[in-house]
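To keep things clear, I will list the structure first and then write my remarks on it.
The values are calculated or read from the model by the stated rules, or taken from the named source; none is laboratory data. Not measured: the values here are computed from a predicted model. FYI the Cβ positions are ideal-geometry reconstructions off the backbone, even for glycines, and counts take in every protein chain you see. To get the accessible areas, we keep the full protein, side chains included, count just its heavy atoms, and leave off ligands, DNA and RNA. Shrake-Rupley method; radii C 1.70, N 1.55, O 1.52, S 1.80 Å.
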Amino acid sequence: MGLGVEVGDKVAASTRPIITSPTSWGHRDRGDEEATPAAVRLDGGASANGVEERKRWRWGPGSGRGNRDDGRVAGREDAERLNPELHHYNPFFSPSDDHVEYHRFHGASARGTRWCPTCSRCRARSFSQEMTVLSVFASSILSKVTTFAVEYALDDIKFAWNVKSELEKLKNSLGAICAVLKDAEKKQSTHTLLKNWLENLKDVVYDIDDVLDDVGTQVLQQKVRKGEICTYFAQLTIFPFELGRKIRKVRERLNEIAALKRDFELKEEPIDTPSDQFSQRETHSLIGEQNIFGRDKAKNDIVKMISEAAESNSNTLSVLPLVGMGGVGKTALAKLVFNDKSTKENFDKMLWASVSNAFNLKQIVNIIIQSDSGESNNQLTLEAITKKLHELLRDKRYLLVLDDISNDNVNWEELINLLPSGRSGSMILITTRLSKIASELKTLEPYEVPKLPHEECMRIFVGYAFRGEKAKDRELLKVGESIVQKCDGLPLAARTLGSLLFRKDISMWQEVKENNLLSTKKGKDDILSVLKLSYDALPSDLRACFASLSTFPKDYEIFRELLIMYWMAMGLLNTASGSKEAIRMGERYFSELAGRSLFQDYVFSHDGTISRCKMHSFVHDLAISVSLNEHATISCENFSPTDRVKNLVWDHKDFSTELRFPQQLRRARKARAFASRHNYGTVSKSFLEDLLATFTLLRVLVFSEVEFEELPSSIGNLKHLRYLDLQWNTKIKFLPNSLCKLVNLQTLQLAWCKELEELPRDVKRLVSLRYLILTSKQQYLPKDALGGWTSMVFLQISACPMLTSLTEGFGNLSALRELFVFNCPKLPSLPSSMNRLVTLQKLVIHNCDELDLMESEEAMGGLKSLESIELAGLPKFKTFPDSFASASSSLQYLKVSECPQFEELPDFIKRFSSLKKIEIPKSRPPIITWA
């Protein structure tokens, strides 16, 4: 057996969402761009006539606009003459007249908007995504209709014949529509009426899904009330006539719209299934992102400048800016410098803070402290948090990297003045594409990061396009030379195009070479054009998953498992074959997007799986641009989403109890996701009540990092809700029992809710719960709840200071795949019933002072599927019990660290036939002696 042993590695996983310092494996060929709106930003502060003017210029047929012969709206020249700043960013189209008029009426406050909501060309920019989401979504709903009668046992419902009849008619109608969607996708970019038809069709398909979900929820609620945990509903009594009427109503609407398809002469074509989409391309491993080419000289120059400044013993805090255009690799270069051995030798403390999403001084100081401790201090005042920073850096020579300064609305000079000077020789290294900020903050001459030479860009391109293949096709290399010329020295472009062309035939290479987008755009537009090619090459369902990333903030750490659950909640994973297959599909989708370089900054677990990652800023911009019609960023100042918006991102940075819910948001009452991330402060109960009363169709609700003491009982009315994230709420003490009415809820995020006393009484009724992260003051997990959580696949119990028992009902979690137990200092043992977790694949336990695995030896027996185990910070752990031998044929990865009494691995470990890697503490010599 070949076995790799690594000694002394640090624990890879963390219990807290931290801003990780860059390591030797970390690399982003990222660009550093100016702050941009996280999505479409709409201004409600127009003149008194603004409402009427917006109505007048609303996009779509019947707007009454006067057209010129060339199809453009009259008056554009006048608008441009009045306001020359109206020409602004759109990487695929020149500003349209709608766009100009929108800014004419909204003035300077809207000029920072990248894409206006009324511009027909800006809207057309997202046509591919709009249709793709519909084709995937419609096919998914068709599958649901097809299996609905069997899944909900309609044969056992008296008088259900009319329901089955209506379902059959609906299936036929929807099937006929799905047959022509692929052809419609190709034609809609040049056909306005067809695009309108598709938008109306999508509205009906969403309504069909809502009707089916209503019925499915009723079925599930009856099952729960009767205490039946099986999937067979023999005793159900649903009023079939009302059900049949609802289905008939949406079917008739569908038929009305479907009747118009003959006007477009659409051809029938099959929509690709996921298996078709991936058949041409194997899942491949990721390229090691430490391969940064062509930066040795730049790194050495900067390291020398830092060393000289550090050795000068100057009491002045030095500031060295790295300046360059987006995509040139400023962050990658900063990481090389940060991790250089001689750099580390010069400083007592090294901090890395990514500030691209920062909006005020308090948040930035918090990010800096969090980069060291991992703990958030949002609740503190600016004065208090600044004192904490001074304590952290007192009498230390420090290096602080402020990566991606892109918001020129922040007073960066004031920030520098807030920072302690530290010991002589301390330094700040900043990366930015804003030369103005660099000039204002510098004490050392800014370093202009140059573009890469063609040869180095070619090395990056070849590395991603051939993925280590020794034999490289000369014809492809010749075409690749021409493609790399268009990358214009930008490593991000080379990396993206290389990933796009991996294992593609010569025709695809030629198509990219001849694509005019690469040569007609410049600067940031050019980068987005390159990324758009990678997006266009995605299979249809992957496009939908990628577009959904627009709801995450820039520079946000995305946890892989949570992202998969988010996709599942939004209906982007076909669940017809069950949740287990849906999760596997999500894992496959994540790997595909990662393999195409659409993620970066990976953090790996010790078993080699990706724990979390980020998106490049440009990739985030792309996600927003392809989801414009269904995505809006809103706040009390920007509250004009359309009634077709499905994803709302709240962007009011500081909540207060005086903040009132904007009633204008009722227009978007059919939204399926509401997300508030990276916002702070206290949310009033009235705000929450109005929000819950407005958005009754939500599948996803995220209120992380903000605080409120009470979640309104009306949360129980969100019967479609599948994903609820309340993490980092340090005030909430109780959850209403009405939460337990959410029988569709799949994901519940309660991490770092430190004041939470306990889970609700009837939490066992959450029969669909698959993913739970829990922080609370409970002494034990509720035994009854464990009996109802038979669908749970991921459980993390973290920062539970009073927890003394996981309870003996733990073995009822029959579907559990991953178990994490972090920072539970009073937990003495694992429950013996844990040996019934035959599906458990990963076990991670950190920082449990009283935990002794020998206390209940049988707990680790029966873990026949366990593939990875990681133990850290367990003072009482000495060795594994004999019962652990049950994992002899499955275990692949084993790690033990920071366990001072750990003696040795038991002899039976030699019989573990699947082991690939063992990591043990540096203080203990490796004891593995066999080959």
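Here are a few things to note about the model shown:
- Of the set (1) open to solvent by 10 Å² or more (accessible area, probe 1.4 Å); (2) assigned to a helix (DSSP H, G or I); (3) in contact (Cβ under 8 Å) with a residue 40 or more places away in the chain, all apply to residue 503 but (2).
- Residue 385 vs. criteria open to solvent by 10 Å² or more (accessible area, probe 1.4 Å), over 24 Å from residue 307 (Cβ atoms) and not charged (D, E, K, R): no
- Residue in the stretch 552-570 that is among the basic types (Lys, Arg), under 26 Å from residue 509 (Cβ atoms) and either out of contact with any strand residue (DSSP E or B) (no Cβ under 7 Å at 6 or more places or on another chain) or open to solvent by 20 Å² or more (accessible area, probe 1.4 Å) (or both) present: no
- Filter pass, residue 674 being assigned to a loop (DSSP other than H, G, I, E, B) and surrounded by 18 or more Cβ atoms within 10 Å (Cβ to Cβ): no
- Selection count, the stretch 434-463, where residues are open to solvent by 70 Å² or more (accessible area, probe 1.4 Å) and either farther than 30 Å from residue 316 by Cβ or assigned to a loop (DSSP other than H, G, I, E, B) (or both): 6
- Taking the numbered list (1) surrounded by 22 or more Cβ atoms within 10 Å (Cβ to Cβ); (2) over 25 Å from the mean Cα position of the chain (by Cα); (3) in the same structural domain as residue 561 (by the TED database) in turn, residue 758 passes all entries but (1).
- Scanning the stretch 873-896 for residues that are surrounded by fewer than 23 Cβ atoms within 10 Å (Cβ to Cβ) and among the small types (Gly, Ala, Ser) turns up 873, 883, 885, 886, 888, 889, 890.
- Residue in the stretch 177-185 that is at pLDDT below 80 and over 29 Å from the mean Cα position of the chain (by Cα) present: no
- Residues within the stretch 162-197 that are within 21 Å of residue 626 (Cβ to Cβ) and open to solvent by 30 Å² or more (accessible area, probe 1.4 Å), tallied: 8
- Test: residue in the stretch 701-709 that is of a type outside the set (Phe, Trp, Tyr), assigned to a strand (DSSP E or B) and open to solvent by 20 Å² or more (accessible area, probe 1.4 Å): yes
- Residue in the stretch 337-348 that is in contact (Cβ under 8 Å) with a residue 40 or more places away in the chain, open to solvent by 40 Å² or more (accessible area, probe 1.4 Å) and touching a strand residue (DSSP E or B) at 6+ places or on another chain (Cβ under 7 Å) present: yes
- Number of positions in the stretch 757-798 that are touching a helix residue (DSSP H, G or I) at 6+ places or on another chain (Cβ under 6 Å) and over 17 Å from residue 815 (Cα atoms): 4
- Qualifying residue in the stretch 735-744 (condition: within 22 Å of the chain's Cα centre (by Cα) and open to solvent by 10 Å² or more (accessible area, probe 1.4 Å)): yes
- In the set (1) under 29 Å from residue 225 (Cα atoms); (2) surrounded by 20 or more Cβ atoms within 10 Å (Cβ to Cβ); (3) among the acidic types (Asp, Glu), residue 689 fails one condition alone, (2).
- The condition of being closer than 27 Å to residue 181 by Cβ, modelled with pLDDT under 95, not small (Gly, Ala, Ser) and not assigned by the TED database to the domain that holds residue 353 does not hold for residue 563.
- The single residue among 640, 597, 611, 605 that is under 24 Å from residue 532 (Cα atoms) and among the polar types (S, T, N, Q) turns out to be 597.
- Within the stretch 277-285, the presence of a residue that is at pLDDT 80 or above and either of a type outside the set (Gly, Ala, Ser) or outside any loop (DSSP other than H, G, I, E, B) (or both) is excluded.
- Residue match in the stretch 762-780 (condition: in contact (Cβ under 8 Å) with a residue 60 or more places away in the chain, crowded, with 18+ Cβ neighbours inside 10 Å and within 23 Å of residue 729 (Cα to Cα)): yes
- For the stretch 403-413, the criterion of being part of a helix (DSSP H, G or I) and surrounded by fewer than 16 Cβ atoms within 10 Å (Cβ to Cβ) is satisfied by at least one residue.
- The stretch 619-645: number of residues that are in a loop (DSSP other than H, G, I, E, B) and either in contact (Cβ under 8 Å) with a residue 60 or more places away in the chain or among the polar types (S, T, N, Q) (or both): 10
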